[in-house]
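The values are calculated or read from the model by the stated rules, or taken from the named source; none is laboratory data. Model, not experiment: these values are computed from the prediction. Please note: Cβ atoms are built from the backbone with ideal geometry, for glycine as well, and neighbour counts cover all protein chains shown.
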Amino acid sequence: MSKPPTPKKNFNPLNALGAFLAWAGGLFRPTYFRQTPFRLTLVFITVYSFVAVLIFAYVYVATSAENRAVTDAQVSARLDGLQQLYRERGEAEVKARLRQDDITEWFFIKGIYNSNGEMVAQNKRASLEMSTEVLSRIRAQVDTPQIEGRMLGEAPGRSDFVINFRSYNNDGSMRKYRYRGQGLRIDPDRYLFVAMDMSWTDEGFDKGFTALWGGAILVVFMGLFAGMIINQEVSRSVQGLMSVLRSAEQGDLKVRVPLRHSGDEFDALATQVNQVLDRVEKNVGSLKYAGDAIAHDLRTPLSRLRSNLELSLYDVEKDPSKAEDALSRALTETDQLLRTFQTVFAISRLQAAGQAPDPKLFDATALAADMAELYELSAADKGLEFEAEIEPNVWVMGNRDFLAQSLANLLDNAIKYTAVGGITFRLRKTSRGEIEFSITDTGMGVPEADRARIVERFVRLEQSRSLPGVGLGLSMVAAVAEAHKGRLVIDEGPGRFNDQGPGLRTALVLPPTQG
């Protein structure tokens, strides 16, 4: 039986609008004002607005001053021209010029009036817009020698004026006019004035102010909106990072910060945090492994100690006089167990840290000389020849105590497993700049198939079980080499010597020392 078709969900604009308003409302949460990205956005908007106001104020003042200067220059030039024409050719020529200027001088009003305030002559623009009230205001300002605190005219009796008035069109609409001009007395009964229409510049400034306020409001709202979106994005990234850190704090070391692959600071921070978590996970895993390894590795010595104690108890029960010997053997076994524990712990600590503790630059030549002097006596006691070949002025970056213990283990093994012949101890720099401590003996050697096994903990080959030891010496050397970013090399020795061989060559190789 087939399933009925799933009904399609119709798009509901109201639901979409409600979802958008809910999302937009979430942007205006009070917590935004406590978050750094949003506060930085507010600071940026404030500084931007302040700078924009300063720039606009400077532009406005400079433009206004320039506009006034240009206007005054044009008005003054026309007034001088009419005054000169009046003086040279009389009033009739001035009237004729005023009539001729109507086409090319439409932005100017020009006129002559007498001492009674009656208009004697004027251009067409003046006749259309000049009224008795406007003329009386011009007369009052021309007769008063000041205008806006500055005298523009240099000739006696010249004065500036600014006239503001409204004009109504046939449709009832109103238009504001502002004229800036100059006037002067050209003879006892005649006054001449010229003014320029400034309403077009005022209208331009008004539109500029309107655009400025509209742009400022738009910039503020868009800036706030963009700041909230940026803040939301940054908060999402930070919350993701905090969530990962909380999970890691609670013990989940597998969690990682997802990368956005944008190449920004958050990706760099996420990469760094992930690297730290990788390191922590590795260290914790190494410590867990070290604990498990210690517990596993000490199981055999503890079992052997318990067996020896049981045998000693049995012997003491049969013969109480053997109690002192039993206790002495128990103490010897306990000391051996403690040394084993210390060695296993040192190996585990090196493996967990992944590097040598407290590395310092020290004289490897001096270390090799000390070790050679110490073990030369041990070799002589066993009847072995000991030869040291130490290159001078060799320096190593590492932990001197751990390296000394490693060399002691290698030299002790060489002496222990060599019956006849001798031992050669070398320190040299290889052709690749590596530092190599090598010990070559003429002992029984180690088969090639077993060389990888002898560096494992508690591994002892069959031919060495009769000799003292627990099988941790080479494990310690391998751990020290790895912690110093070096390696332990085990090769065949010089060959057979007095029906014994082929001997063994062990080398502790360390990386080149920088500097």
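With respect to residue 410, determine if the residue is farther than 22 Å from residue 472 by Cβ and in contact (Cβ under 8 Å) with a residue 60 or more places away in the chain.
Working: farther than 22 Å from residue 472 by Cβ: no; in contact (Cβ under 8 Å) with a residue 60 or more places away in the chain: yes.
Considered against the rule, which asks whether it is farther than 22 Å from residue 472 by Cβ and in contact (Cβ under 8 Å) with a residue 60 or more places away in the chain, residue 410 comes out as no.
Can you name the residue in region 369-404 that is within 57 Å of the chain's Cα centre (by Cα) and of a type in the set (Phe, Trp, Tyr) and is also farthest from residue 439 (Cα to Cα) among such residues?
Step one: list which residues in region 369-404 are within 57 Å of the chain's Cα centre (by Cα), which gives 369-375, 388-404.
Next cut, of a type in the set (Phe, Trp, Tyr) only: 375, 395, 402.
Working: 375: 12, 395: 19, 402: 17 Å.
If we take residues in region 369-404 being within 57 Å of the chain's Cα centre (by Cα) and of a type in the set (Phe, Trp, Tyr), then 395 is farthest from residue 439 (Cα to Cα).
Does region 368-393 hold any residues that are under 18 Å from residue 430 (Cβ atoms) and surrounded by 18 or more Cβ atoms within 10 Å (Cβ to Cβ), and which are they?
368, 390
Let's see how each residue does on (1) in contact with a Lys or Arg (Cβ under 8 Å, 6 or more places away or on another chain); (2) exposed (fewer than 15 other Cβ atoms within 10 Å of the Cβ); (3) not assigned by TED's automatic domain parsing to the domain that holds residue 47:
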residue	(1), (2), (3)
199	yes, no, no
208	no, yes, no
214	no, yes, no
227	no, no, no
250	no, yes, yes
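Restricting attention to region 394-414, which residues are out of contact with any strand residue (DSSP E or B) (no Cβ under 7 Å at 6 or more places or on another chain) and surrounded by fewer than 19 Cβ atoms within 10 Å (Cβ to Cβ)?
Residues satisfying the conditions are 401, 404, 405, 408, 412.
Residue 64: in a helix (DSSP H, G or I), of a type in the set (S, T, N, Q), within 30 Å of residue 224 (Cβ to Cβ) and in the same structural domain as residue 138 (by TED's automatic domain parsing), yes or no?
Details: in a helix (DSSP H, G or I): yes; of a type in the set (S, T, N, Q): yes; within 30 Å of residue 224 (Cβ to Cβ): no; in the same structural domain as residue 138 (by TED's automatic domain parsing): yes.
The answer is no for residue 64.
Can you work out which of the residues in region 44-74 that are within 19 Å of residue 211 (Cβ to Cβ) and among the polar types (S, T, N, Q) is surrounded by the most Cβ atoms within 10 Å (Cβ to Cβ)?
Top of the filtered list is 67.
Find the residue count for region 97-123, including only residues that are modelled with pLDDT of 85 or more and assigned to a helix (DSSP H, G or I).
The number of residues fulfilling the criteria is 1.
Taking only region 193-251 into account, find how many residues are closer than 30 Å to residue 42 by Cβ and of a type in the set (Phe, Trp, Tyr).
Residues in region 193-251 being closer than 30 Å to residue 42 by Cβ and of a type in the set (Phe, Trp, Tyr): 4 in total.
Filter region 153-183 for residues that are under 16 Å from residue 80 (Cβ atoms) and at pLDDT 85 or above; which is surrounded by the most Cβ atoms within 10 Å (Cβ to Cβ)?
Looking only at region 153-183, we keep the residues that are under 16 Å from residue 80 (Cβ atoms), and these are 153-160, 181-183.
Next, from what is left, pick out any that are at pLDDT 85 or above: 181-183.
Values: 181: 29, 182: 25, 183: 26.
Among residues in region 153-183 that are under 16 Å from residue 80 (Cβ atoms) and at pLDDT 85 or above, the one surrounded by the most Cβ atoms within 10 Å (Cβ to Cβ) is 181.
Among the residues of region 342-353, are any over 53 Å from the mean Cα position of the chain (by Cα), crowded, with 16+ Cβ neighbours inside 10 Å and either modelled with pLDDT under 75 or closer than 30 Å to residue 512 by Cα (or both)?
Initial filter on region 342-353 (over 53 Å from the mean Cα position of the chain (by Cα)): none.
Within region 342-353, none of the residues are over 53 Å from the mean Cα position of the chain (by Cα), crowded, with 16+ Cβ neighbours inside 10 Å and either modelled with pLDDT under 75 or closer than 30 Å to residue 512 by Cα (or both).
Of all residues in region 415-431 being touching a strand residue (DSSP E or B) at 6+ places or on another chain (Cβ under 7 Å) and small (Gly, Ala, Ser), which is surrounded by the fewest Cβ atoms within 10 Å (Cβ to Cβ)?
Here the residue is 419.
Can you work out which of the residues in region 109-132 that are under 19 Å from residue 199 (Cα atoms) and charged (D, E, K, R) is surrounded by the most Cβ atoms within 10 Å (Cβ to Cβ)? It would help to see each step written out before you state the result.
Narrowing region 109-132 to residues under 19 Å from residue 199 (Cα atoms): 109-110, 123-131.
Next, from what is left, pick out any that are charged (D, E, K, R): 110, 124-125, 129.
Values: 110: 25, 124: 16, 125: 20, 129: 15.
In this case the residue turns out to be 110.
Can you tell which of 403, 427 is in a helix (DSSP H, G or I) and assigned by TED's automatic domain parsing to the domain that holds residue 503? Explain how you work it out, then say what you get.
On the way: 427 fails: in a helix (DSSP H, G or I).
Result: 403 is the single residue among 403, 427 that is in a helix (DSSP H, G or I) and assigned by TED's automatic domain parsing to the domain that holds residue 503.
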